[in-house]
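Remarks on the structure that follows.
Computed from the coordinates by the stated procedures, all read-outs in this text should not be read as laboratory data. Predicted model, so just to flag it, every value in this text is computed and none were measured. Positions of Cβ are backbone-derived with ideal geometry, glycine not excepted, and every protein chain shown enters the neighbour counts.
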C-alpha cells in the first residue's frame with residue numbers, strides 16, 4: 001500500500017513538473033507575440049507622427065517613414081494587416097510622391113491598421 005502511494009505521489013509530481021514546463025512555454029510564447037504586436041503598433045505610431053509632423057518632400061523624412069512602415073510589416077503576424085502594410089510600403093517606395101500633399105490619406109491608412117491591431121495583456 002505504501003509503495004502504491006509513493007508511486008502515485010511520484011507520478012503526480014512528474015506530471016506536475018511536465019505541466020509547469022508546458023505552461024511556462026505557453027506563457028513565454030504569448031508574451032513574445034504580444035511584444036511583437038506592441039512593437040508593430042509603436043512603429044506604426046512613429047510613422048504616423050513622421051507623416052503628420054515632417055515634410056515628406058525631405059528625402060530623409062521619407063526614408064525614415066518607409067523604414068518604420070517596413071519594420072512594422074516585418075513584425076506584423078496578421079496576414080491581412082501585413083498585406084496592407086506591404087502595399088503601403090510599396091507605394092511609399094515606388095510612388096512616394098503620390099502622398100506628398102495627401103498626407104492625410106497615408107495617416108488614415110496607418111491609423112486604420114493601428115486600430116485593427118489587437119494587443120492582449
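Can you give the calculated 222 nm mean residue ellipticity of the chain, where each DSSP H run of n ≥ 4 adds -39,500 (n - 2.57) and the sum is split over every residue, rounded to the nearest 500 deg cm²/dmol? Computed ellipticity for the chain at 222 nm equals -29000 deg cm²/dmol.
Under the 0.36 nm per residue contour assumption, what length would be gained going from the current alpha-carbon distance of residue 27 and residue 97 to full extension? Here the answer is 20.8 nm. Between residue 6 and residue 64, the distance separating the two model label sites (each 7 Å from Cα on the Cα→Cβ line) works out to 7.0 nm. Please state the shape class of the chain: rounded when a/c is under 1.5, otherwise prolate if a/b exceeds b/c and oblate if not, all from the C-alpha gyration tensor. Here the chain falls in the prolate category.
Would you mind calculating the relative contact order of the chain from Cα pairs under 8 angstrom and at least 6 residues apart, reporting the percent as a whole number? Each step should come with its number before you reach the end.
Working: 85 pairs, mean separation 35.8, N = 121.
Normalised by residue count, the contact order of the chain is 30 percent.
Among 101-113, 5-17, 63-75, the peptide with the highest mean count of other Cβ atoms within 10 Å heads the list, and the full ranking is 63-75, 101-113, 5-17.
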